[in-house]
Amino acid sequence: MSDEQPPSDSSGQHVLRDSLAEIRQSLDALASRYQRPEADRSPAPSGPRPPDSRDPSSALSLGREVLAIPSAGLEPTEVFSLATDRVARLLSADRAMLFVWEEDSSCLMARAARGFRRDDLDTISIKAGNGLIGQAFQNEDIERTSGGTGAMVEDPFLALFPVRDAVAVPIRAAGQVAGVLYAGRRAPRSPFSDEEVLLLLVIADRVGTALAHRQFVEASRGHVARLRELEMFVSHVPVDGELQGILARACETACRLAGVTVAALGVAAGPDGLAIAASTGLPAELVGAWRADPGRGLTGEMFSTQRPVVCRDVQSRDGCEDDPLRMAGLRGCLVLPLRLGHQTVGALYLADPEAREFTPEQVGAAQVLASLLAVAMEHHRRHGESRVTFEGMLSAQEQHIQMEKARAVGAMAGGIANEFNNLLAVILGKTQLMLARAPDGSMREGLGAVDEAAWRAADIVRRLQGFAATSMDDSTTSVDLTAVVEDAVVLSRPVWKDEAEARSVGIEMVTDLDKVPPIEGQMGALREAVMNLILNAVDAMPSGGRLGLTTRCVDTGVELQVSDTGEGIPEDVRRRIFDPFFTTRAPQRTGLGLSVVHGVVERHRGSVRVRSEEGGGTTVTLSLPAAHGYAGDSRQAAVDAPRDPEPGRSAPTSILVLEDEEEIRSMLVDALAEAGYRVESAAGGLTGLAHFQGGNFDAVLTDLSLPECSGLDVARAVKSMRAETPVVLITGWGRLVDPVRLRESGVDLMLVKPFRLERVISVVADALRLRPGR
């Protein structure tokens, strides 16, 4: 870092504005290269529409398409397919190919392509420095050629797949070049511009990020595998087992942990040094003759440093002439101390017949195993002192498993209890309203029995809630549904195109994707839902047909239609299509496709409609609400808008009720109205806050779980607008809600479901007494 003082805030803002202006100009220039004259433009049968220069956001649309390539969560082949798809579409490249460096073959291997035959992927490999692509990898820089120059003739790859213009950019992952992204044009047009190369670099960066993530995942899997080996060793070695068997199993585990062929355990054998107590991969004659001097060679270095010693090739190391590792013909070696407290009681030798390095992870895992071995040996030496330690470890493990089971059961119990409380609140509320109006006699007696049974059920639910330990956090992000649909089309291409063509069946994929506002949700779940709809549509067209996907804006948010020209759905089947495990295509399908779609859409507060005729195709429509700030239900706001009191009469106490369950909301409104209050209601949080801002309310009753925003968000907003207005939180979670969080959110009182109507009136009266001047 530089020792110069940082610029002032004003100069920093000036530099930032200049940088943003330059980026915008570059993106504008790049976008303008793809605009077609209006007279030549015709609707494409499939794929996204090119950006429109008249749209102010078109300059950023290319950037958004590139950034929509996931850098995590997909397999590398899927990321590669998305990347080459973006290169081919956004750069109008006739040929696009992605190469990844393979250490085993020391070649760049083709992993995804557009504009090439499918068989080419299995045959193309390029050495570092060979041709345009090999030079881009070796030089770690951009390489270009254009106009059919001599360089193309000399390049074997370009000679085999000729183009007029070509560009190759390196793909960097984890600080090093991991591959090359290539784009070429056969059609005569201008060479690749700097802006287009910049876009290609951004796509390569997304691929590099995905590769780095994959490397991290593979490294994590290695950690997990080593931890599992250690866990298997601990759990499968009998605590009271024979020592020799424990040591032999430890040697086998050590070989798998470090990826070696030889493992040996040396223990003190009097003045002769260390002898082999157990081994794997050593001939019997070497085991008997093995003697290691604690003062010489690798063993002596380990004893003097009390740390692991790594040697890439013991055969070329001076001072190891009489080392038993060298005498055994081994080369790559790792020697670890078996330490117990401050005492070294032995050595663990890991070796290979070939020279090699050992990673820090392998050394660390082997150290853990060595420590476990030392504990096991001390156990037998001290007649069972370590048994208590092992039993404690097993007990802690079992306790952890039981805690995890209890937490899982508790989470399920809490959700069930909350749902039952909502239902019981409706039953009890309606029963109490009917009891107040019912005449004496059998009807009143029957209603009383219902009321008593409902309260008994509420008591059971409260006991069920004692198991609950739930979290109210729900991580969502802003999602572009059009990008989700495009990715689903690309990822499902092997099914609707490759597999269909292999069966000599043609499926026409047609997309009509309008620009739609973002939705709030989980991109992975939505992508899975769209892919399930595509796969169902393909299954419905065994003889081929037309598959269409359309996105459009509607009043309430966004709609996606997936239509096919297939067999259609019979009436008796249509009633069960959302049932889990119901399918007419077993055993190829499990019957979870549409049930998964339904579950995902419901979690995103949307709806699913199916229109189908037997023999006439099927259309599935997903309706999803737009993200906050993009859409509102103005019609509902007009219905629930506050009404002024009658002229000449003083306004009664006004209560605002926010509850998404219609039955509970209507019951609360009726009960409060009969008690003499002026009551208004809303089903959503944002709609309710709009009512509150435009009206004059003496108290607010809000449910905890509301569409658009939670009851805690409502409480905070009410207090920020009118701090003197009391807020009552309605919830079925009971004591599971954190009281500190309630106070911080501005909640004054809590009304727990289910409740008696008398309790509602009492809580409202208590809330009104909290107002200043009451």
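The values are calculated or read from the model by the stated rules, or taken from the named source; none is laboratory data. Here the structure is a predicted model, which is why all the values come from computation and not from measurement. As a convention, Cβ positions derive from the backbone with ideal geometry for all residues, glycine included, and neighbour counts pool all protein chains shown. For the accessible areas, the whole protein counts, side chains as well, though only heavy atoms, and no ligand, DNA or RNA atoms are used. Shrake-Rupley method; radii C 1.70, N 1.55, O 1.52, S 1.80 Å.
Give me the percent of Cα-Cα pairs in region 94-163 that sit more than 14 Å apart, rounded to a whole number.
60 percent
In Å², and per residue, what accessible area does region 662-774 have when probed at 1.4 Å with the other protein chains present?
On a per-residue basis, 42 Å².
With viscosity set to 0.692 mPa s at 37 °C, what whole-number translational diffusion coefficient in µm²/s follows for region 298-349 from Stokes-Einstein and a Kirkwood radius over Cα pairs?
Value of D from the Cα-based Kirkwood radius: 291 µm²/s.
In whole percent, and with a 1.4 Å probe on the protein chains, what portion of the accessible area of region 249-339 is carbon and sulfur?
Using a 1.4 Å probe with all protein chains present, region 249-339 comes out at 47 percent carbon and sulfur.
Using C-alpha positions alone, give me the convex hull volume of region 504-547 per residue in cubic angstrom.
76 Å³
Tell me the carbon and sulfur percent of the accessible area for region 101-243, rounded to whole percent, probe radius 1.4 Å.
That fraction is 52 percent.
Under the Karplus relation 6.51 cos²θ - 1.76 cosθ + 1.60, θ = phi - 60°, what is the ordered set of whole-Hz ³J(HN,Hα) values for region 191-208, x standing for Gly and Pro?
With coefficients 6.51, -1.76 and 1.60, one gets x, 4, 7, 4, 5, 5, 5, 4, 4, 5, 5, 5, 5, 4, 5, 5, 5, x Hz.
When you count, for each residue, the other Cβ atoms within 10 Å and take the mean per peptide, how do 497-507, 750-760 rank with the highest first?
750-760, 497-507
Counting only residues 5 or more places away or on other chains, whose amide H sits under 5 Å from the amide H of residue 507 once H atoms are built in the peptide plane?
Excluding prolines and chain starts, which carry no amide H, the hits are 545.
In nm², what is the average projected area of the convex hull enclosing the Cα atoms of region 668-773? List each step's numbers first, then the result.
Working: hull surface 25.5 nm².
That works out to 6.4 nm².
Which value in Å is the Kirkwood Rh of region 76-127 over different Cα pairs?
11.3 Å
Taking θ = phi - 60°, what integer Hz values does the Karplus form 6.51 cos²θ - 1.76 cosθ + 1.60 yield along region 342-355, in sequence order, with x for Gly and Pro?
9, 10, 9, 9, x, 9, 10, 9, 10, 8, 9, x, 10, 5
Under 15 Å from the Cβ of residue 280, count the other residues' Cβ atoms, weight Lys and Arg +1, Asp and Glu -1, and hand me the total.
Here the count lands on -1.
In Å³ and rounded to a whole number, note down the convex hull volume per residue for the Cα atoms of region 238-313.
With only Cα atoms used, region 238-313 gives 125 Å³ per residue.
Amide H neighbours of residue 566 under 5 Å, counting only residues 5+ apart in sequence or on other chains, H built in-plane at 1.01 Å?
For residue 566, whose amide H was placed from the backbone, the distant partners under 5 Å are 617, 618.
Quote to one decimal, in nm, the extra length available between residue 103 and residue 543 on full extension: 0.36 nm per residue of separation minus the C-alpha distance between them. Show your work: numbers first, answer last.
Values: separation 440, 0.36 × 440 = 158.40 nm, distance 4.43 nm.
Length gained, residue 103 through residue 543: 154.0 nm.
What is the sum of charges, Lys and Arg at +1 and Asp and Glu at -1, for the other residues whose Cβ falls under 9 Å from the Cβ of residue 132?
-1
Would you mind telling me the share, in percent, of accessible area of region 475-547 contributed by carbon and sulfur at probe 1.4 angstrom?
Heavy-atom surface of region 475-547 belonging to carbon and sulfur, 1.4 Å probe: 50 percent.
Order the peptides 523-532, 279-288 from the highest to the lowest mean number of other Cβ atoms within 10 Å of their residues. Don't jump to the answer; show the numbers that get you there.
Working: 523-532: 20.9, 279-288: 14.9.
Output ranking for 523-532, 279-288: 523-532, 279-288.
Can you compute the radius of gyration and Dmax for region 184-224, using only the Cα atoms, both in Å?
When restricted to Cα atoms, region 184-224 yields Rg and Dmax of 16.6, 53 Å.
For residue 92 and residue 160, what is the calculated FRET efficiency with R₀ set at 35 Å and r taken between the beta-carbons, to the nearest 0.05?
0.95
Taking 0.36 nm per residue of separation and subtracting the Cα-Cα distance, what length does fully extending residue 296 through residue 761 add?
Computed gain between residue 296 and residue 761 is 158.5 nm.
Where does the charge balance sit around residue 163 when Lys and Arg score +1, Asp and Glu -1, over other residues with C-beta under 10 Å from its C-beta?
For residues surrounding residue 163, the net value is +2.
Which whole-Hz couplings ³J(HN,Hα) result when phi for each residue of region 274-288 is put into the Karplus expression 6.51 cos²θ - 1.76 cosθ + 1.60, θ = phi - 60°, listed in order with x for Gly and Pro?
9, 10, 6, 9, 7, 7, 9, x, 9, x, 4, 5, 6, 4, x
For residue 282, enumerate residues with amide H under 5 Å from its amide H, sequence gap 5+ or separate chain, H modeled in the peptide plane.
Sorted by chain and number, the residues that satisfy this are 263.
Per residue Cα convex hull volume for region 194-339, in cubic angstrom?
On the way: hull volume 24.2 nm³, N = 146.
Value for region 194-339: 165 Å³ per residue.
Taking R0 as 56 Å, what FRET efficiency do you get between residue 242 and residue 443 from their Cβ-Cβ distance, rounded to the nearest 0.05?
Here the calculated transfer efficiency is 0.10.
If you split all Cα-Cα distances of region 174-265 into 10 Å bins from zero, what percentages do you get per bin, shortest first?
13, 25, 18, 14, 12, 10, 6, 2
In region 475-527, how does Rg compare with the Kirkwood Rh, expressed as the Rg/Rh ratio over alpha carbon atoms?
So for region 475-527, dividing Rg by the Kirkwood Rh gives 1.11.
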